[in-house]
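Read the structure below first, then the notes.
The values are calculated or read from the model by the stated rules, or taken from the named source; none is laboratory data. What you are looking at is a predicted structure, and each value in this text was computed from that prediction instead of being measured. For neighbour counting, all protein chains shown are included, and Cβ atoms are generated from backbone atoms with ideal geometry for every residue, glycine included. Calculation scope for accessible area: heavy atoms of the full protein, side chains included, ligands and nucleic acids excluded. Shrake-Rupley method; radii C 1.70, N 1.55, O 1.52, S 1.80 Å.
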Amino acid sequence: MTRVNQPEADVADLPDFDDEPEPTGTALDRWWARVLSRPRNKTLWDWGAPTAVTVLAALLRLWHLGYPHTLVFDETYYVKDAWTLSHLGYEGAWRNGADTAFNAGDPSFWSASPEFVAHPPLGKWLIALGEHALGIQDSAGWRISTAVVGILAVIVLMLIAKRLFRSTLLASIAGLLMAVDGSAIVMSRVSLLDDFVMFFALLGFGAILLDRDWRDKRIPLLKGPVLWRPWLLTAGLLFGLDAGVKWSGFYFLAVFGVYSVLSDYFAYRRAGVLHTVEGVAQAVITFVTMVPIAIAAYIASWTGWLVTSGGWDRHWVEANPKANAWHGLLAWVPYWAQNLWHYNTELYGYSINLHATHPYQSNPLGWLLMLRPTSMYYVGTAPGQGNCTAAAPGCSAAITDLGNPFIWWAASLALLGLIYWFARYRDWRAGLLLAGIGAGWLPWVILYHDRTIFTFYAIAFEPYLLLGIVFFIALALGTATDATRRRVRGIALVGAYLVVVCAASVFFWPLWSGIQTSYAYWHAHMWLRSWI
C-alpha cells in the first residue's frame, strides 16, 4: 500500500477491498473477484450488505420500543416539553404529579404558564412528531423519533464510509459497529436530545466531505477564490440546526469552519492556484458561506417561541424597556431579537453553572473507556414478585448507556492511531475524523469538565470513532496484492474481532433494552466497579 506524505493524500492510498477486486492474492480473493465480476452479483452486494445492516439496526432499535412504559431518566423533561411545545409553541409548565399521570396516559397536567428550559426547541419538536403520530398514550410514540434518527444515522454513516474507503465491505462494517453498539442503541431507544445532536452533526460532516469533492474537481480550472460552495452552505445549515437541538452543535460549526479554511489552504497551495491575498479572501468567503446560514437556522428553530407571546422571557424587554432594552448603537435591534438574546444568555448561564451532584455524572476523559456509564432505568424485583422466578436476591431490569466494550476500547486505540497517522503521513481522512472527534469531545474536556455531565454525551462523536476503527480495519485487511500470509492474518484478525463484538452485543443486550434478568446475570455484566 502506498503511503503519501502529503497534506492531502489521495483516496486510493487506502485499500480497496471489494469494489474492484483483483484476481490475485489468496484463494478467497480470487473467489471473491469471480463472484463480483458478474454485474448482478456486484449490484446485489452493494445494496444487499448495507440493507442487511440497516434491517439489523432497525430491529435493535424498534423491538419493544415502548418498554418500559414509564418516563426514563431525562425523558421527564423532553417528552413532556415536546407535548406542550406542540400545543403552545413554547414549553409550558407541568403541575405536581405530572409524571405519574403521564405514565398512566393522562397528559393533561400542564398549563399555559411558561417553563424555563435548558435547551433550544428543535429536538423537542422532533420528539413531538412521534407523539402525535403514534399517540401520547403509546410510550413508543415518545421514542419513535429518536429511534428513526438512530436508524438513519447508521445509513448515513455507511454512505460516508463508502465515500472515505471506496468499499462496500468497509462501509457495512462501519454500519454494523454502530448498529450493534450499546450506546448507539440506548440513545435511540430513549427520548433524549443527544441522538439528534449526533445526527445533524453527522449530516454536516457528510456535507463537508462532499464539499471537498466539489472543490477538488474545480481546482484545475480555478483562477481565483471560489464564491459558490453549495455543500459548504449545506454544512452551515445543518450545523445551525444541530445547535437548534443543543448548543454543542455550534462547536461542530466552529471546528469544521476552521477545518475547511485549512483544507482549502493546503489544497490550493499544493495546486499553486491561490496566493496569500486570495487565500485570505477564500477564508472570508468560507466564513460568510457557513456562519450566517447557521445563525439563521438556529433562530428559525425558535419560531414557535417567536410567533407566540407566552414563552419564557418572550416580552422581557417590554416589561421594563428603560432598564432592559439595548441603547446606543444597538437601539435599532427589534425587541424580539433582544428578548431571544436575553433568554439565550440565561440558558448559557444555567448550562455553565450546572454543578449539581449526580450519582452518574462522569469526567469526559473517561468517556471513551466507558468508565462511568449512565444508568437510565433500573428496577429490582424480589423473588416471586412480578415475573421474577430467580432465586434471591431476585431480578433486575436495566437500561444502561454502556457501550459495547470491545467497540469503545478499540475506539480509544483507534484515536491514538489516528493522531499518529495524521502526524506521520498527513492523511486527510485521519485529519477529518480527528476534527469530528475533537468537535464533539474536546469542548467538554477543556471547558466544562467540572460541571454535571454524562457519558452519553459521547454519542455526538461516536460515528467518527467508529470510522477510525474502520480506518485501521482497512489497513489490517490490506489488499489482494499483499503477501498471502499477511493477507490471511488480516482477514482472520478482523473476522475474529467482529465475531467478538457481535457476541458481546448479544451478551449486553438485556442491559440496553430493559429486559428483566436475574440479578446474578445483571451483576455478571458489571466488569468494572464504576459500572454499578
Next on the checklist: What's the number of the only condition in (1) within 24 Å of Gly440 (Cβ to Cβ); (2) assigned to a helix (DSSP H, G or I) that Ile219 fails to meet?
Outcome noted: (1)
Checklist entry - Of these, Ala382, Ala392, which one is open to solvent by 70 Å² or more (accessible area, probe 1.4 Å), without any contact (Cβ under 8 Å) to a residue 60 or more places away in the chain and over 25 Å from Val180 (Cβ atoms)? => result Ala392
Checklist outcome for this item: Those residues of region 434-461 which are touching a strand residue (DSSP E or B) at 6+ places or on another chain (Cβ under 6 Å) and in a helix (DSSP H, G or I) amount to Thr455, Phe456
Checklist entry - Does Gly206 satisfy being over 30 Å from Leu511 (Cβ atoms) and among the small types (Gly, Ala, Ser)? => result yes
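Conditions (1) buried (at least 17 other Cβ atoms within 10 Å of the Cβ); (2) aromatic (Phe, Trp, Tyr); (3) more than 21 Å from the chain's Cα centre (by Cα), marked per residue:
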{"position": "Ala458", "(1), (2), (3)": "yes, no, no"}
{"position": "Glu462", "(1), (2), (3)": "yes, no, no"}
{"position": "Leu465", "(1), (2), (3)": "yes, no, no"}
{"position": "Leu498", "(1), (2), (3)": "no, no, yes"}
{"position": "Ser518", "(1), (2), (3)": "yes, no, yes"}
Next on the checklist: Residues that are among the β-branched types (Val, Ile, Thr) and over 21 Å from Trp509 (Cβ atoms): does region 352-363 have at least one?
Outcome noted: yes
Checklist entry - Quick check: is even one residue across region 417-431 of a type in the set (Phe, Trp, Tyr), open to solvent by 30 Å² or more (accessible area, probe 1.4 Å) and under 20 Å from the mean Cα position of the chain (by Cα)? => result no
Checklist outcome for this item: Given (1) open to solvent by less than 70 Å² (accessible area, probe 1.4 Å); (2) under 28 Å from Ala184 (Cβ atoms), Asn363 misses just (1)
Checklist outcome for this item: For region 126-137, the count of residues that are under 24 Å from Val245 (Cα atoms), open to solvent by 60 Å² or more (accessible area, probe 1.4 Å) and of a type outside the set (A, V, I, L, M) equals 1
Next on the checklist: One residue is enough: does region 191-202 have a residue meeting the conditions within 30 Å of Leu36 (Cβ to Cβ), within 18 Å of the chain's Cα centre (by Cα) and assigned to a helix (DSSP H, G or I)?
Outcome noted: yes
Next on the checklist: I want to confirm something. Restricting to region 70-125 and keeping residues that are open to solvent by 50 Å² or more (accessible area, probe 1.4 Å), among the hydrophobic types (A, V, I, L, M, F, W, C) and modelled with pLDDT under 95, which single residue is farthest from Glu346 (Cα to Cα)?
Outcome noted: Ala104
Checklist entry - Which condition number does Ser396 fail, the rest of (1) farther than 20 Å from Glu75 by Cα; (2) in contact with a Ser or Thr (Cβ under 8 Å, 6 or more places away or on another chain); (3) in a loop (DSSP other than H, G, I, E, B); (4) of a type outside the set (Asp, Glu) being met? => result (3)
Checklist entry - What is the residue count in region 246-284 for residues that are of a type in the set (A, V, I, L, M, F, W, C), part of a helix (DSSP H, G or I), at pLDDT below 90 and in contact with a helix residue (DSSP H, G or I) (Cβ under 8 Å, 6 or more places away or on another chain)? => result 3
Item to check | Test result for Asp216, buried (at least 24 other Cβ atoms within 10 Å of the Cβ) and among the charged types (D, E, K, R) | outcome: no
Checklist entry - Do the conditions hold for Leu65, that is, is it free of Cβ contacts under 8 Å to residues at least 60 places away in the same chain and under 27 Å from Met178 (Cβ atoms)? => result no
Item to check | Close pairs from region 104-120: first over 12 Å from Arg314 (Cβ atoms), partner of a type in the set (Ser, Thr, Tyr) and part of a loop (DSSP other than H, G, I, E, B), Cβ under 6 Å, at least 6 apart | outcome: Pro120/Ser301
Checklist entry - Which of (1) open to solvent by less than 40 Å² (accessible area, probe 1.4 Å); (2) in contact (Cβ under 8 Å) with a residue 40 or more places away in the chain; (3) in contact with a Ser or Thr (Cβ under 8 Å, 6 or more places away or on another chain) is the odd one out, the single condition Ser375 does not satisfy? => result (2)
Checklist entry - Just one of Met187, Met178 is open to solvent by less than 20 Å² (accessible area, probe 1.4 Å) and touching a strand residue (DSSP E or B) at 6+ places or on another chain (Cβ under 9 Å); which is it? => result Met187
Checklist outcome for this item: Contact list, first residue from region 269-280 and in contact (Cβ under 8 Å) with a residue 12 or more places away in the chain, second anywhere and exposed (fewer than 13 other Cβ atoms within 10 Å of the Cβ), beta-carbon distance below 7 Å, six or more apart or interchain, is Glu278/Gly224
Checklist entry - Pairs under 9 Å by beta carbon, first residue within 12 Å of Leu241 (Cα to Cα) and open to solvent by less than 50 Å² (accessible area, probe 1.4 Å) in region 290-304, partner assigned to a loop (DSSP other than H, G, I, E, B) and among the β-branched types (Val, Ile, Thr), six or more apart or different chains? => result Ser301/Val245
Next on the checklist: Scan region 342-356 and tell me whether some residue there is without any contact (Cβ under 8 Å) to a residue 12 or more places away in the chain, among the aliphatic types (A, V, I, L, M) and surrounded by fewer than 18 Cβ atoms within 10 Å (Cβ to Cβ).
Outcome noted: no
Checklist entry - Yes or no: Met376 closer than 23 Å to Trp247 by Cα, in contact with a Phe, Trp or Tyr (Cβ under 6 Å, 6 or more places away or on another chain) and not polar (S, T, N, Q)? => result yes
Next on the checklist: Is it the case, given these coordinates, that Leu402 is at pLDDT 95 or above and farther than 16 Å from Asp181 by Cα?
Outcome noted: no
Checklist entry - Checking Lys162 against (1) over 13 Å from the mean Cα position of the chain (by Cα); (2) closer than 27 Å to Phe406 by Cβ; (3) open to solvent by less than 20 Å² (accessible area, probe 1.4 Å), which test does it fail? => result (3)
